[in-house]
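See below for the structure under consideration.
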């Protein structure tokens, strides 16, 4: 059973070519939970092929903006690919962890809402859960302010942006914070990931 992760894209203007990038932090972090991640390529034929095998989880990673918010080549290519991939995941009932940009993509797929924010970039902040407060990292320029009714909102910030949500129906875990990067409450963040995989 395989696990996959989507890469972010960089366009090298000087050489006029694209680079797929997977941060090592993702690989190292999920390995702690027994998850070895295979990077995906933006090729629909390849995507169709992997869905003929057993898949444990697909991670929609952070990096890049959505094309609707920042209209460049990288974002357009990535949106087209990830929307196709997401539809395949829904059709095949594949578990998903959506991190930062991944959360934004899925929110808009279900007619959610994003707003620009200037105070969620490269800092730590508090998110409010039902019975506790977590201090987590933040690296996004757009915040999720509305989400589909099939998602349970589990964590919000002071400005009411949605930082943490889960859909039992689709088995999708969404976090605007990055679990693979350093968090002040890392132990609690790890529990969120462990519970998703039902690792005791």
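The values are calculated or read from the model by the stated rules, or taken from the named source; none is laboratory data. Everything numeric in this text was worked out from a predicted model, so none of it was measured. As a convention, Cβ positions derive from the backbone with ideal geometry for all residues, glycine included, and neighbour counts pool all protein chains shown.
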Of the residues that make up segment 27-39, is at least one farther than 21 Å from residue 170 by Cβ, touching a strand residue (DSSP E or B) at 6+ places or on another chain (Cβ under 7 Å), modelled with pLDDT under 95 and not in a helix (DSSP H, G or I)? no
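Residues checked against (1) within 18 Å of residue 97 (Cβ to Cβ); (2) surrounded by fewer than 19 Cβ atoms within 10 Å (Cβ to Cβ); (3) modelled with pLDDT under 95:
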{"position": "25", "(1), (2), (3)": "yes, yes, no"}
{"position": "41", "(1), (2), (3)": "no, yes, yes"}
{"position": "50", "(1), (2), (3)": "yes, yes, no"}
{"position": "64", "(1), (2), (3)": "yes, no, yes"}
{"position": "83", "(1), (2), (3)": "yes, yes, no"}
From the list 188, 180, 163, which residue is closer than 19 Å to residue 56 by Cβ and at pLDDT 95 or above? 180
Of all residues being in a loop (DSSP other than H, G, I, E, B) and without any contact (Cβ under 8 Å) to a residue 12 or more places away in the chain in segment 52-97, which is nearest to residue 162 (Cα to Cα)? Just the residue, please. 70
Can you name the residue in segment 180-200 that is part of a loop (DSSP other than H, G, I, E, B) and touching a strand residue (DSSP E or B) at 6+ places or on another chain (Cβ under 7 Å) and is also surrounded by the fewest Cβ atoms within 10 Å (Cβ to Cβ) among such residues? 182
Does segment 98-111 include one or more residues that are part of a helix (DSSP H, G or I), free of Cβ contacts under 8 Å to residues at least 24 places away in the same chain, within 16 Å of the chain's Cα centre (by Cα) and surrounded by 15 or more Cβ atoms within 10 Å (Cβ to Cβ)? no
Every residue from segment 126-146 that is crowded, with 21+ Cβ neighbours inside 10 Å and within 17 Å of residue 68 (Cβ to Cβ): 140, 142, 143, 144
